[in-house]
Amino acid sequence: MRFLDKTVLVTGGAKGIGKAISIGFARSGAFVVIMDIDVEAGNRLVSQIISDGGRASFIHGDVSSEDDVFRVVTGTVEISGSIDVLINNAGIGWTGTLLERSTDDWRKVIEVNLTGPYLMAKYSSPYLATSKGSNIINIVSTRALMSERNSEPYSASKGGLLALTHSLAITLGPKVRVNAICPGWIDITDSQSDKPSKQSDVAHNQHPVGRVGRPEDVADACLFLSSDEASFITGANLIVDGGMTRKMIYLE
Ligand code: NAD
């Protein structure tokens, strides 16, 4: 219950990694505000959190819309009186090749994955600054550090988000800490269910820790970075990838 007096705003908090983050903070006592474009999933998760004894609210909004961001941030403060932790989790992926996708497709990824967190930080920062121990966590990706083929806008958006993290840490300190988490492969198909992971043994065993990641691995990292135990950590990047970015791969 160490977040009992805190309000945590989670973007893209209705599904996948964001859902685990919302549940993790709610179980730690926080009042969780979920911002998402998926109204049905958002309302369903709020009902689940409340029936589990937690506190949560859903506000529909698209992080790439400045009007939506303003409305969600002010709406959160109206409901709860503060914003103590902002988790910039909403993000979209990318499929297709360099030559076949349009420039508008590129812009869409940059707007959601990079402009979105910038807008959320900008409009939340006056409220975060008045709250003790407040912080922002940007959910980046190990794609900010390494690539597969044809991942240009996704990797570029996440690389930008990593740089935005240290820039905000300097601008908003000492009142607000700002950190990044770079997840590796996180299996979101079994999120919050008891079903065994459908990933193959090869997928699990290639990881130095012996398994693919779970959404709860990222949620636990968020709980740590938001806590007072992390009060000397800002501008940092916590890699949560089972060791994959440390593994050298050559033919044996
Ligand atoms: P997901 O698609 O399961 O969940 C994303 C959530 O964000 C959904 O609830 C979706 O409705 C919401 N969303 C999408 N666009 C939005 C917008 N414009 N405004 C508000 N909400 C929006 O994805 P996920 O795998 O849980 O990914 C969450 C974050 O973690 C993303 O930023 C992603 O880039 C990052 N990430 C994921 C992995 C992975 O392996 N799953 C690895 C590294 C990084």
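The values are calculated or read from the model by the stated rules, or taken from the named source; none is laboratory data. Just so it is clear, the structure is predicted and the values come from calculations on it, not from any experiment. Using ideal geometry, Cβ is built from the backbone for each residue, glycine included, and neighbour counts are taken over all protein chains shown. Accessible surface is based on the protein model in full, side chains and every heavy atom, while ligands, DNA and RNA are left aside. Shrake-Rupley method; radii C 1.70, N 1.55, O 1.52, S 1.80 Å.
Percent of C-alpha pairs per 5 Å bin in the range 47-181, short distances first: 2, 10, 18, 19, 18, 14, 10, 6, 2, 0, 0. Whole-Hz Karplus values for the range 75-80 come out as x, 4, 5, 5, 6, 10 Hz, taken residue by residue from phi with 6.51 cos²θ - 1.76 cosθ + 1.60 and θ = phi - 60°; glycine and proline positions read x. Other residues lying with their Cβ under 15 Å from the Cβ of Phe70 contribute a combined charge of -3, Lys and Arg counting +1, Asp and Glu -1.
Dividing the summed helix terms, -39500 (n - 2.57) for each DSSP H run of n ≥ 4, by the number of residues in the chain produces a 222 nm estimate of -12500 deg cm²/dmol to the nearest 500.
Taking 0.36 nm per residue of sequence separation and removing the Cα-Cα distance, the His166/Phe232 pair yields an extension gain of 22.3 nm.
The protection proxy used here, the mean number of other Cβ atoms lying within 10 Å of each residue, ranks peptides 148-159, 238-249 as follows, highest first: 148-159, 238-249. Note on Leu98 and Glu152: the extension gain reaches 18.7 nm, defined as 0.36 nm multiplied by sequence separation minus the Cα-Cα distance. Angle, helix 16-27 long axis vs. longest principal axis of the chain, Cα atoms, 0 to 90°, nearest 10? Its long axis makes an angle of about 40 degrees. Fully extending the segment from His204 to Ile110, taken as 0.36 nm per residue of separation minus the present Cα-Cα distance, adds 30.8 nm. On the basis of the beta-carbon distance and an R0 of 35 Å, Phe224 and Lys247 show a calculated FRET efficiency of 0.90. Other residues within the sphere of radius under 15 Å centred on the Cβ of Ser141, judged by their own Cβ, net out at -3 (K and R +1, D and E -1).
Of all lysines in the structure, the ones whose alpha carbon falls short of 23 Å from that of Lys122, not counting any fewer than 8 places away in one chain, are Lys6, Lys108, Lys132, Lys158, Lys175. Basic side chains Lys and Arg get +1 at the Cβ, acidic Asp and Glu get -1 at the Cβ, and with that the dipole of the chain about its Cα centre reaches some 420 debye. In the chain, the portion of solvent-accessible area held by carbon and sulfur atoms comes to 54 percent [1.4 Å probe, whole percent, DNA, RNA and ligands not counted].
Ellipsoid fit via the Cα gyration tensor, the range 7-246: semi-axes of 26, 21, 19 Å, each the root of five times an eigenvalue, largest first. The string of couplings for the range 149-158 from the Karplus curve (6.51, -1.76, 1.60, θ = phi - 60°) is 5, 6, 10, 3, x, 5, 4, 5, 5, 6 Hz, one whole number per residue in order, with x for Gly and Pro.
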